[in-house]
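Enquirer: Can you keep this structure in mind? I'll have questions shortly.
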Amino acid sequence: MDPETVITHEEDLLEYFRRGARPRERWGIGVEYERFGVFRDTGRAIPYEGEASVETILKTLADTRGWSPHDESGRILSLTRDTSSVTLEPGGQMELSGAVHSTLAEARRELFDFVSEVEEVSRPLGIAWLGIGSHPISPLAEISWIPKRRYAIMRDYLPTRGSLAHAMMKGTACIQVNFDYADEADAVEKLRIAMGLSPLVTALYANSPLTEGRRNGFQSYRSWVWRDTDPDRCGLLPFVFREETGFSDYLQYALGIPMFFVVRDGRWVAGGRTTFRTFIRDGFEGTHATYADFTMHMTTLFPEVRLKQYIEMRGCDSGTPETCIALAALWKGLLYDDTSRAASWALVRDMSFQERDELLARICRDGMGATLAGSRRGAGKRGVSVRDLLIELVQLARDGLERQKAASETAYLDPLDRRIEEEGGGLAVRLADAWDGELQHDPAALVSAIVGTEADRS
């Protein structure tokens, strides 16, 4: 569909989802990896502009590493190279959106090459990049906004919906992985299973126990922040768990959410509380809804698992590059193998939506120490350990990779086994204990400890 096609009927937009369908032999994997830039000696956020800044690093990557820069009003805000891109979150968090790869080895190579490039241009400036779920040192007021018009509108709108919206925008970082679907039934099944399992995986990746140099009381503060950002567009989606759900249900969800903005002739106009459904029916400020408008609107929905022209898992705190690839291996093993997909769904199938949402809230605080009800091993019983279910989940992913004739990729799951088997509460507890213990509240030592895990000793 041409981007400028005017949308006159809601049903026309179902084509957006149908166009994402791909035969199994063309299924790929995409990873998105966000990190905070900090000064090595203080752990504090680097600014967007200046001699040692995000903008300087982007410019150096463009000048020396073959990336093409893209700007707004003369300020570099993103880079592209081939089909990969580097973008910035509102507080200057740098994100690599990698190419679609057919193997995890290819995805790993691209990610690690990028991490090396960024390290090479950042170290002379005294800058390090932290894979962690929330900024551990700088208060929000100290983290500068990047000069992006999209974020200026979101900055004004989101605090009317949630009290932690600015903490989400400037103070969190995540890992996301993206997978393909064959058709509507396959897409909806993967969406349902991924959303059902998402709280468990959030527990496995919980890595944000510190804010402003103090324990914040959470293992995944990032996940907690998203719960108080915007109830319209965030969280778990109840309708996904209905057996009869299809593309039309997700479309109705998307149409009912207020638009952030409409872009015309380079002008970004705040959408106020106009839903996309109203935009189609009545227009907005003299304009009519187009396919391009809808495509942009879909990027402003933030559920734990997002359906676009692929399925995007969004529920994990940032971590090391190795655990980013481990996440891709986990979901590939579970979603691209029918047997493991069905077995993994059985672990959480019998939970009510309220139980799912309450579990996610407990996981924000307790991580792998949380418990749940309604699992395969004890429907109706409480006290089932998230940690025990994760042991099963990772094994199912191994089995799934082997059935896909990708046994060599099972090694990428090893960091997850080590994390689950480790004594204590998990990565977040270990980090917070180290901060209060051997690191002695020394920001430079904290930076070294986090950066030092990039060989993945987590």
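Enquirer: Once the convex hull of the C-alpha atoms of segment 227-324 is built, how many Å³ does it hold per residue, rounded to a whole number?
Expert: 140
Enquirer: Name the long-range amide H neighbours of residue 46: under 5 Å, sequence gap of 5 or more, or other chain; modelled H, no Pro or chain starts.
Expert: 37, 38, 39
Enquirer: Further question: Is segment 210-270 best put as rounded, prolate or oblate by its Cα gyration tensor, with a ≥ b ≥ c the root eigenvalues, rounded for a/c under 1.5, and otherwise prolate when a/b is larger than b/c, oblate when not? Don't skip to the end; give the middle numbers.
Expert: Working: a/c = 4.21, a/b = 1.27, b/c = 3.33.
Cα axes put segment 210-270 in the oblate bin.
Enquirer: Using protein chains only and a probe of 1.4 angstrom, how many square angstrom of residue 186 are accessible, to the nearest 10?
Expert: The accessible area of residue 186 comes to roughly 20 Å².
Enquirer: Would you work out if segment 25-139 is rounded, prolate or oblate? Take a ≥ b ≥ c from the square roots of the eigenvalues of the alpha-carbon gyration tensor; rounded if a/c is under 1.5, else prolate when a/b is larger than b/c, oblate otherwise.
Expert: Values: a/c = 1.90, a/b = 1.47, b/c = 1.30.
Prolate is the answer for segment 25-139, as a/c is 1.5 or above and a/b outweighs b/c.
Enquirer: Suppose only helical runs count, i.e. DSSP H with n ≥ 4. What mean residue ellipticity at 222 nm does that imply for the chain under -39500 (n - 2.57) per run, divided by all residues and rounded to the nearest 500 deg cm²/dmol?
Expert: Calculated at 222 nm, the ellipticity per residue is -12500 deg cm²/dmol.
Enquirer: Then there is this: Can you tell which of 411, 386, 74 lies farthest toward the positive end of the dipole of the chain, using +1 and -1 charges on the Cβ of basic and acidic side chains (Lys, Arg; Asp, Glu)?
Expert: 386
Enquirer: Could you report the accessible area of residue 82 in Å², rounded to 10, computed with a 1.4 Å probe on the protein chains as they sit in the structure?
Expert: 150
Enquirer: Could I ask something else about it? Cα gyration tensor of the chain, axes a ≥ b ≥ c as square roots of the eigenvalues: rounded (a/c below 1.5), prolate (a/b > b/c) or oblate? Please report the intermediate quantities before stating the final value.
Expert: Working: a/c = 1.41, a/b = 1.03, b/c = 1.37.
Rounded is the answer for the chain, as its axis ratio a/c remains below 1.5.
Enquirer: Mind listing the long-range amide H neighbours of residue 236? Cut-off is under 5 Å, sequence gap 5 or more, other chains count too, H placed in the peptide plane at 1.01 Å from N.
Expert: Sorted by chain and number, the residues that satisfy this are 304.
Enquirer: Here's another thing I want to ask about it. Could you give the distance between the Cα centres of segment 278-319 and segment 409-454, to the whole Å?
Expert: 35
Enquirer: Okay, next question. What translational D, rounded to a whole number of µm²/s, comes out for segment 108-207 from Stokes-Einstein when the hydrodynamic radius is the Kirkwood one over Cα pairs, at 37 °C and 0.692 mPa s?
Expert: 192
Enquirer: Roughly what % of DSSP beta bridges within the chain run antiparallel, to the nearest 5?
Expert: On the way: 48 of 51 bridges.
Rounded to the nearest five, the antiparallel share is 95 percent.
Enquirer: Under a point-charge model restricted to the Cβ atoms of Lys and Arg (+1) and Asp and Glu (-1), what is the dipole moment magnitude of segment 270-397 relative to its Cα centre, in debye to the nearest 20?
Expert: 300
Enquirer: Using amide H atoms built 1.01 Å from N in the peptide plane, name the residues 5+ places from residue 127, or on other chains, whose amide H lies under 5 Å from its own.
Expert: Distant-sequence amide H within range of residue 127: 40.
Enquirer: So, with a 1.4 angstrom probe, what is the percent of accessible area on the chain that is carbon and sulfur?
Expert: 49
The values are calculated or read from the model by the stated rules, or taken from the named source; none is laboratory data. These figures come from a predicted structure and were not determined experimentally. Glycine also receives a Cβ, built like all others from the backbone with ideal geometry; neighbour counts cover every protein chain displayed. Heavy atoms of the whole protein, side chains included, go into the accessibility calculation; ligands, DNA and RNA do not. Shrake-Rupley method; radii C 1.70, N 1.55, O 1.52, S 1.80 Å.
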